[in-house]
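One structure is given below, encoded as C-alpha cells.
The values are calculated or read from the model by the stated rules, or taken from the named source; none is laboratory data. What you see is a predicted model, and the numbers here were worked out from it, not measured in a lab. Cβ sites come from the backbone with ideal geometry, for glycine too, and all protein chains shown count toward neighbours. SASA here: full protein model, heavy atoms, side chains in, ligands and nucleic acids out. Shrake-Rupley method; radii C 1.70, N 1.55, O 1.52, S 1.80 Å.
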Amino acid sequence: MAAPRVGTFTTGLVPLPAENVDTDQIVPARYLKVIDKAGLADALFHDWRFEADGSKKSPPFVIDEPRYAGHGILVAGDNFGGGSSREHAPWALGAFGIKAILATSFADIFKSNALKNGILPIILPAELHGTLMQIAKDDLAATVTIELATATLTTPDGTAHQFPIDAFSQKMLLDGLDELDYIRTQGEKILAHETSHPGTINTLQPNAPR
Amino acid sequence: MPKTIIEKIWNEHVVDQQEGAPAILAIDLHLVHEVTSPQAFTGLRARGLKVRRPDRTVATADHSIPTTPRNLPIADEMAAAQVKQLEANCAEFGVPLHGWESPNQGIVHVIGPELGLTQPGATIVCGDSHTATHGAFGALAFGIGTSEVEMVLATQCLLQRKPKTYLVRVDGTLRPGVSAKDIILALIARIGVGGGTGHVFEYAGSAIRDLSMEERMTICNMSIEGGARAGLVAPDETTFAYLKGRPHAPQGADWDAAVARWRTLTSDDGATYDKEIVIDADTLEPMVTYGTNPGMGLPISGTIPNPADESDPAAARALTRALEYMDLRAGDSIIGRPVNTVFIGSCTNGRISDLRLAANVLKGQTIAKGVRVMVVPGSADVKRQAEREGLDKIFRDAGADWREAGCSMCIAMNGDQLAPGEYAISTSNRNFEGRQGKGGRTFLASPLTAAATALTGVIADPRTLPGMSR
Ligand code: SF4
C-alpha cells in the first residue's frame with residue numbers, strides 16, 4: 001500500500017452539526033467483519049443513511065443529498081470520532097470521498113488513524129467553525145481550499161486561516177512517506193533498546209508450573 | 001525532578017526521539033484479535049516483512065465469534081472467514097493464538113491479565129480502544145488503529161507523542177451497592193466523553209487502593225470513554241498477589257527481581273499533572289446512563305435532565321437528540337424504566353467477580369417475566385471457574401441464558417443483539433446509538449444494578465436489595 005500523499009485541494013462543504021459523532025456511527029460494528037479495506041463507502045454512516053430494508057432514507061441523510069454530491073469536506077460538531085479505534089472509519093470516509101473534516105476537536109485515536117489515511121482532521125476555533133458550518137448549510141456553491149504545505153484553509157471570501165497540524169504528519173503527507181518505513185530506518189536503535197530492555201513478558205513460553 | 005508513573009514508563013520505552021518528530025516507542029506486549037488485524041497482516045505480506053517479535057505478540061478471537069456452544073460451526077460466513085483468516089495469519093507469521101476453541105480463549109482484555117501477560121511497567125497495545133484495561137496493573141496500555149497494528153507487528157515499535165497526564169484521585173470509601181463501575185461512570189459524567197482527550201489518567205486515592213484487580217480493570221477499561229487513550233493504577237501488593245503464579249508471570253528469582261523493579265513504579269511525591277480531579281467515593285450512588293454516550297450518566301436516584309436547562313446550545317442539541325433516540329422524557333426518574341434485555345458481560349464487567357456479584361443477587365430468585373437475561377463470561381477460564389462455583393446453575397435456575405465467552409452483545413457483531421426499539425441494561429461500556437443492535441437502546445450500569453433490574457424488569461436500585469443497606 002502506497003502511503004497517501006496530500007497537497008492542495010478545493011472542494012465543497014457538507015454540514016454535519018452533531019457533537020461527539022462516534023466511530024460506531026461512522027461505521028457500525030457489523031461492517032467490521034471484512035478482511036480487506038475495500039467497499040466501505042456504503043458502510044459509512046450506514047444506520048443514519050439507510051432503512052432496515054437497505055433503501056436510502058427519505059429525506060436522505062445529509063451526505064446523500066444530491067446538492068452535496070462531490071463535496072469533500074465534512075464540517076462536524078465537537079469531539080468527532082470518539083469510541084472504538086476502528087480504522088474502518090477513515091477507510092470508509094476516504095472511500096466516500098471525504099478529504100478533510102473540520103471540527104473544534106477530535107478524539108485521539110481517530111485523529112491518528114485519519115492522518116495515516118490522508119484525511120485531514122482540522123481543528124478550528126469555535127467562531128470560524130461556526131461560520132463555515134453556516135456557509136455549508138446556506139451556500140452550496142461555496143468552496144474551501146486547503147493547502148497542506150502552508151497549513152492554510154482559505155474560506156469562500158478568500159481569507160486564509162492557519163490551522164494546526166504537527167510538522168511530522170504534515171511532512172509525511174506532503175512527501176507521501178510511510179510511517180512504518182520511517183520506523184524501519186531506525187533498526188539499529190530498536191535493536192539496541194531491545195537488547196538493553198529484555199523484559200519479562202514472553203507470549204510463547206508460559207513459565208509457571210500449571 | 002519528581003516524575004509520575006506515566007513519565008517513568010514512557011521514558012523507559014523511548015527508543016528514539018528526533019526533534020520535531022514523535023518518539024519511537026518500544027512495545028512490550030501486542031494483543032491481536034480477528035477484527036482489526038487482517039488488513040495489517042495483508043500489509044506485512046505486501047511488504048515482504050515478518051512479525052518482529054512473535055514472543056511479544058498474542059492473538060485471540062473474541063469480537064465476531066458466536067457465544068453458542070463451541071461444537072457448532074460459526075454460522076455467519078463473514079465471521080467464519082475472519083476467524084479463519086486470523087488462524088491462517090497466526091500460523092503463517094508464528095504468532096501464538098488462543099483460538100476460538102482454545103481453553104484460553106476470551107476477550108483480549110480479559111485473557112491478558114488472566115495469563116499473567118499483563119505486567120506492571122509494560123507498554124501494551126492492541127487494535128482495540130479498551131486496551132487501557134491493562135493499565136490496572138500499572139502498565140501504559142492503549143488502543144491503536146490497524147495501520148499501527150501493522151507497524152507494531154513489523155517493528156515492535158510505534159510512533160507516539162508524549163501524552164499529557166491527568167490525576168483522578170478517588171478518596172473515601174464506597175457505600176454498599178456502589179461499585180467500581182459507578183466510580184468510572186461518575187467520572188465520565190463529570191468530565192464528559194472528551195474530557196481526557198490527549199491525556200493519560202492515573203487513578204489514585206484510597207478508594208482506588210481498596211479495589212481488587214478486577215475492579216481496577218473495570219475502571220481503567222473505560223478510560224477511553226472519558227477521551228483518554230490510557231488510564232492506569234500504580235502497582236501495589238494487590239497487583240503482585242494477583243499476578244503471582246500466573247502462567248506467564250516471572251517465577252523464582254525472576255519474580256523477586258521483577259517485583260523489586262515494579263515497586264519503583266509509583267508517582268513521586270511532588271510530581272505534577274497537567275490536569276487533576278478529585279472524587280469523593282462516599283457520596284457516590286449507583287450510576288446509570290440515560291443517553292447515547294457514556295458521559296450521559298446520572299446517579300440512580302436522579303431524573304433525566306432537560307435540554308432546556310443546558311446553557312450550551314450544542315449540548316442541548318445533543319441531549320435532545322439522545323432523548324429522542326432513547327425515547328425518554330426529561331424530568332422522569334431513571335428508576336422504574338422498563339428493559340427488555342439484561343446483558344451481563346464484556347471486558348468491563350465479564351470477570352469472575354462480576355459474575356459472582358450478579359449470581360449473588362439472582363440466587364434462588366426468578367428473573368422478571370418477559371425479560372431476557374444474557375450472561376456471557378469474559379473468557380473460557382472465567383466460564384470454567386463460574387461453573388466450578390455453580391454460578392451457571394444459579395443463572396439458569398433464575399431463567400437467565402448462560403453463554404460461551406466473547407464480546408457478544410457489547411458490540412453485537414455476532415448476532416447477539418437487541419431488536420430495534422428494545423431497551424437493555426448492560427454492564428458493558430458503550431451506549432452509542434445502535435451499539436447493541438441497530439435501533440437498540442442501552443442503559444449502562446454495574447453488574448449489581450443490572451442484576452437487580454433483572455429481578456424486577458425495570459431499572460432498580462441495588463441498594464434496596466437484601467444485605468445492601470446499612
Ligand atoms: S467486550 Fe466490547 S468493548 Fe470489550 S473488547 Fe469486546 S467489543 Fe470491545
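For this structure, a couple of remarks:
- The requirement of being at negative phi and within 22 Å of the chain's Cα centre (by Cα) is not satisfied by B:F93.
- Annotation: of all residues in segment B:122-170 being assigned to a helix (DSSP H, G or I) and without any contact (Cβ under 8 Å) to a residue 60 or more places away in the chain, the one that is farthest from B:A26 (Cα to Cα) is B:E148.
- Candidates B:G116, B:G138 - the one that is more than 12 Å from chain A (Cβ to nearest Cβ), crowded, with 18+ Cβ neighbours inside 10 Å and on the phi > 0 side of the Ramachandran plot: B:G138
- Scope segment B:80-120; condition modelled with pLDDT under 95 and within 14 Å of the ligand (Cβ to nearest atom); matching residues: B:W100
- Extreme residue, farthest from B:L455 (Cα to Cα), among residues of segment B:358-381 that are open to solvent by less than 10 Å² (accessible area, probe 1.4 Å) and within 15 Å of the ligand (Cβ to nearest atom): B:S379
- Hey, B:A258 touching an Asp or Glu at 6+ places or on another chain (Cβ under 9 Å) and open to solvent by less than 10 Å² (accessible area, probe 1.4 Å) or not: no
- Residues that are free of Cβ contacts under 8 Å to residues at least 40 places away in the same chain and basic (K, R), drawn from segment B:171-220: B:R209
- Among the residues of segment A:117-168, those identified as within 17 Å of the chain's Cα centre (by Cα) and among the charged types (D, E, K, R) are A:E147, A:D166.
- Selection status of B:R463, at pLDDT 95 or above and open to solvent by 50 Å² or more (accessible area, probe 1.4 Å): yes
- Candidates B:D416, B:D401, filtered to the one that is open to solvent by 10 Å² or more (accessible area, probe 1.4 Å), within 14 Å of the ligand (Cβ to nearest atom) and not β-branched (V, I, T): B:D416
- Residue in segment B:260-270 that is touching a residue at least 40 places away in the same chain (Cβ under 8 Å) and in contact with a strand residue (DSSP E or B) (Cβ under 7 Å, 6 or more places away or on another chain) present: yes
- Identification of strands (runs of 3 or more DSSP E) wholly contained in segment A:75-191 with 2 or more residues that are open to solvent by 20 Å² or more (accessible area, probe 1.4 Å) and touching a residue at least 60 places away in the same chain (Cβ under 8 Å) yields A:143-147.
- Considering only residues in segment A:1-44 that are assigned to a loop (DSSP other than H, G, I, E, B) and of a type in the set (K, R), the one that is nearest to A:D157 (Cα to Cα) turns out to be A:R5.
- From the list B:K164, B:K181, the one residue that fits, being crowded, with 22+ Cβ neighbours inside 10 Å, of a type in the set (K, R) and at pLDDT 95 or above, is B:K181.
- The lone criterion from (1) on the phi < 0 side of the Ramachandran plot; (2) away from the ligand (no atom under 16 Å from the Cβ) left unmet by B:N349 is number (2).
- Total residues in segment B:277-291, condition within 14 Å of chain A (Cβ to nearest Cβ) and open to solvent by 20 Å² or more (accessible area, probe 1.4 Å): 0
- Tallying residues that are polar (S, T, N, Q) and either at pLDDT below 95 or away from the ligand (no atom under 13 Å from the Cβ) (or both) within segment B:123-151 yields 3.
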